[in-house]
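This report concerns only the one structure given below.
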Amino acid sequence: MFLLALLAAASMWFYVDRIVVGYQVADAAAHGRPRGNLSDLYPRWLGARELLLHHRNPYGDDVTLEIQKGYYGRALDPARPDDPKDQQGFAYPVYVVFLLAPLIGVPFHEVQFLFYWLLIGLTVASVWLWLHALRWRLPPLAVATGIALVLGSVPAVQGIKLQQLSLLVAALLAGSAACVASNFLFCGGALLALATVKPQLAWPLVAWLLFWAVSDWRVRRRLVFGFAAAMAFLLAGAEIVLPGWLWMFAHAIEQYHRYTQNQSVLDQLFPWGFSGKILAAGAVLASVFLIWKLRRETAEKENLGRATALVMALTVLVVPMYAPYNQVLLLPAILVLVRDRAFLASRSSAVRFGYLAGTFALAWQWIASLSLSGIYFFVSRAWALSSWKWPFFATFTLPLFVFALVFLDAYLHAHQARQN
């Protein structure tokens, strides 16, 4: 199984390096699209450097123009219809600069190298941290197999190649959950605060864990104290380095959504009218109903891990950002479903069918990457490049299957616990 996982991971990296990048380079050349460093870290790094070293507003149009020159290789031209729509502005809370401050004096090509390996290390650590948070002990070979598959998945490979801060946030959330499971509540709260550098990904888990903490204030209040202390430091520091930054950030977010028109996974799956938003509201209400029943679970209980995994899966489903790299947040839910597979298999045939369909949706990325790698080597490179979308075919269905299954799993275990 480990060797098969290595083969699947290797095929995914080959697919991204040779097929996806090969297609993108050819397509950019054909349409005159610019290609610079294309690192999602670059806008944040440059904004942090300009703010901390030169006291310039990272949200300003002048800094955005400089970001475009590095990210795309030149400034975007509205007169060119094939130019990218994403302006690559500094659309993050300004306190992200505190995380990047140690790197602002280093040339960016060195920063890219360091951050590349940092993201790989954090992704590996996330697997260990989530296993600890879920209280699931596995033999070393099984852990190595899981790490290989995670590192060779579409979300992780895309996130590492693009140097996306989503992977850093995912590791911080995993660290927070592991600290909570070990009763290091103050540390867990502090890591939770740091994860808010990407608020849309962090706040659902923040809301759940703070709600869990206040449900037994005397025992769990240190989680709230850790979160409040770290957030106070971040917000106060942000106001010192850039007074009035919050309004600038809100404006940057408004602009970001205007030119990217980001939608949630459900909006993509159900694009008719408000169908996606109605379903998202239903998913949120159902999750709130369930986690209300689980709020008394102690850190030592598996049901706390199930509730946390459910919130992470809900985040991927409903936040207005459907980029595949955000699906690294599905990791705890997928681990729960693998651990509880026998429990779910003992249910109705409909549940078993849903589980098999979800398993296929997860495995499809590797089936496609192996197939395209074989086509590239033995059939036709042109055919492989033209079929580059294959591994992304399950991008929108996988989060739906994972959410539905982990919700059912958590609900059935909660019901079973009440009966016992």
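The values are calculated or read from the model by the stated rules, or taken from the named source; none is laboratory data. From a predicted model like this one, the values you see are computed outputs, not experimental measurements. Counting neighbours? That spans all protein chains shown, and the Cβs are built from the backbone with ideal geometry, glycine included.
Are there any pairs with C-beta distances below 7 angstrom linking a residue in the range 328-346 that is modelled with pLDDT under 95 to a residue that is surrounded by fewer than 19 Cβ atoms within 10 Å (Cβ to Cβ) and not hydroxyl-bearing (S, T, Y), with the two at least 6 apart or on different chains, and if so which? What qualifies is L344/V351; A345/R352.
In the range 305-315, the count of residues that are surrounded by 13 or more Cβ atoms within 10 Å (Cβ to Cβ), modelled with pLDDT under 95 and not in a helix (DSSP H, G or I) is zero.
Candidates in the range 323-359 are the residues that are within 26 Å of A133 (Cα to Cα) and aromatic (F, W, Y); of these, the one that is surrounded by the most Cβ atoms within 10 Å (Cβ to Cβ) is Y325. Screening L330 with (1) among the aliphatic types (A, V, I, L, M); (2) more than 19 Å from L162 (Cβ to Cβ); (3) in contact with a helix residue (DSSP H, G or I) (Cβ under 6 Å, 6 or more places away or on another chain) gives one miss only, at (2).
The residues of the range 371-398 that are crowded, with 18+ Cβ neighbours inside 10 Å and either closer than 13 Å to V154 by Cα or free of Cβ contacts under 8 Å to residues at least 12 places away in the same chain (or both), listed by number, are W388, W390, P391, A394, T395, F396, L398.
Take the residues in the range 116-136 that are among the aromatic types (F, W, Y) and more than 21 Å from L103 (Cβ to Cβ); name whichever of them is surrounded by the fewest Cβ atoms within 10 Å (Cβ to Cβ).
Going residue by residue through the range 116-136, those that are among the aromatic types (F, W, Y) are 116-117, 128, 130, 136.
Next cut, more than 21 Å from L103 (Cβ to Cβ) only: 128, 130, 136.
Working: W128: 14, W130: 30, W136: 17.
Ranking the qualifying residues of the range 116-136, first place goes to W128.
Check L223, L235 and return the single one that is without any contact (Cβ under 8 Å) to a residue 60 or more places away in the chain and either surrounded by 13 or more Cβ atoms within 10 Å (Cβ to Cβ) or among the aromatic types (F, W, Y) (or both).
Values: L235 fails: without any contact (Cβ under 8 Å) to a residue 60 or more places away in the chain.
Every option except L223 fails the conditions.
Scan the range 347-369 for residues that are without any contact (Cβ under 8 Å) to a residue 12 or more places away in the chain and farther than 19 Å from M1 by Cα and the total you get is 5.
Could we say that A26 is part of a helix (DSSP H, G or I), of a type in the set (G, A, S) and more than 21 Å from the chain's Cα centre (by Cα) here? Break it down stepwise before answering.
Working: part of a helix (DSSP H, G or I): yes; of a type in the set (G, A, S): yes; more than 21 Å from the chain's Cα centre (by Cα): yes.
Considered against the rule, which asks whether it is part of a helix (DSSP H, G or I), of a type in the set (G, A, S) and more than 21 Å from the chain's Cα centre (by Cα), A26 comes out as yes.
Figure legend. Inter-residue proximity from the range 52-73: first residues part of a helix (DSSP H, G or I), second residues of a type in the set (D, E, K, R), beta-carbon distance below 7 Å, spacing 6+ or different chains. Indicated pairs: V63/E50; V63/R56.
Taken as a whole, the condition of being of a type in the set (A, V, I, L, M, F, W, C), under 19 Å from the mean Cα position of the chain (by Cα) and under 12 Å from P93 (Cα atoms) applies to L194. What about A144, is it outside any loop (DSSP other than H, G, I, E, B), surrounded by fewer than 22 Cβ atoms within 10 Å (Cβ to Cβ) and over 15 Å from the mean Cα position of the chain (by Cα)? So A144 passes the test.
If you go through the range 201-220 one residue at a time, how many are of a type in the set (F, W, Y) and buried (at least 17 other Cβ atoms within 10 Å of the Cβ)? Of the residues in that region, 2 qualify.
For D77, state whether it is surrounded by fewer than 18 Cβ atoms within 10 Å (Cβ to Cβ) and touching a Ser or Thr at 6+ places or on another chain (Cβ under 6 Å). Lay out the reasoning, then the answer.
Details: surrounded by fewer than 18 Cβ atoms within 10 Å (Cβ to Cβ): yes; touching a Ser or Thr at 6+ places or on another chain (Cβ under 6 Å): no.
Taking the combined requirement at face value, the residue does not satisfy it.
Scanning the range 74-97 for residues that are in contact with a helix residue (DSSP H, G or I) (Cβ under 8 Å, 6 or more places away or on another chain), more than 22 Å from P199 (Cα to Cα) and in contact (Cβ under 8 Å) with a residue 24 or more places away in the chain turns up R74, L76, D82, K85.
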